[in-house]
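What follows is a set of notes on a single structure, which appears directly below.
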Amino acid sequence: VQLQASGGGLVQAGGSLTLSCAASESTFRGHSMAWFRQAPGKEREFVAAIRWSGGITYYGDSVKGRFTISRDNAKNTVALQMNSLKPEDTAVYYCASGRVIVSTVRDPRAYGYWGQGTQVTVSS
């Protein structure tokens with residue numbers, strides 16, 4: 001398994017949750033890492049990304065200020081800290097990796113590797 005996501009679960013609105021994604025060396029080193037999510041009946045949505053070089057981060061408008069993406073280059077892991085969760089954050093969350101350019105960092109088609117997804121459910 002090249003990308004393994006974990007940490008999903010059920011949480012009340014206003015609560016917090018941290019997702020983690022463990023990657024193999026070949027899918028982590030030199031790659032941008034990202035989180036996407038997909039709710040039933042909706043398209044896959046960009047959540048956050050972090051570049052390999054400089055750790056530059058990007059966020060979707062709906063999560064900016066509430067979610068934080070980080071990476072540990074020594075452990076080949078990427079995390080998504082989610083605070084102030086809302087019912088509309090309910091979705092399956094996927095981690096992804098790829099050698100992407102800045103203009104495509106929010107495009108799921110730019111990522112070549114995907115984890116299996118982890119369910120996040122936020123109750124009102």
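Some notes on this structure:
- Treating r as the C-beta distance of Glu88 and Glu25 and R0 as 22 Å, the FRET efficiency rounds to 0.05.
- For the chain, the Kirkwood estimate of hydrodynamic radius, built from reciprocal distances between every pair of different alpha carbons, is 14.1 Å.
- For the stretch 51-124, relative contact order (Cα pairs under 8 Å, six or more residues apart, normalised by length) works out to 27 percent.
- Charge tally in the Cβ shell below 12 Å around Ala22, where Lys, Arg are +1 and Asp, Glu are -1, Ala22 excluded: 0
- Gained length - Ile56 relative to Ser124, 0.36 nm times residue gap less alpha-carbon distance: 21.2 nm
- The residues packed around Lys75, meaning those with a beta-carbon under 14 Å from its beta-carbon, carry a net charge of 0 if Lys and Arg are +1 and Asp and Glu are -1.
- For the chain, relative contact order (Cα pairs under 8 Å, six or more residues apart, normalised by length) works out to 36 percent.
- Neighbours of Arg37, meaning other residues whose beta-carbon lies under 14 angstrom from its beta-carbon, give a summed charge of 0 when Lys and Arg score +1 and Asp and Glu score -1.
- Among the chymotrypsin sites (Phe, Trp or Tyr not before Pro) in the stretch 87-124, none is located in a DSSP loop while being surrounded by at most 10 other Cβ atoms within 10 Å of its own Cβ.
- Over the stretch 1-74, relative contact order from alpha-carbon pairs under 8 Å, at least 6 apart, %: 20 percent
- When the Gaussian network model of the chain links Cα atoms closer than 10 Å, the mean-square fluctuations of Val102, Val63, Val47 top out at Val102.
Taken together, the values in this text are just the output of simple stated rules run on the coordinates, not laboratory data. None of these values were measured; they are calculated from a predicted model. With ideal geometry, Cβ positions are generated from the backbone for all residues, glycine too; neighbour counts draw on all protein chains shown.
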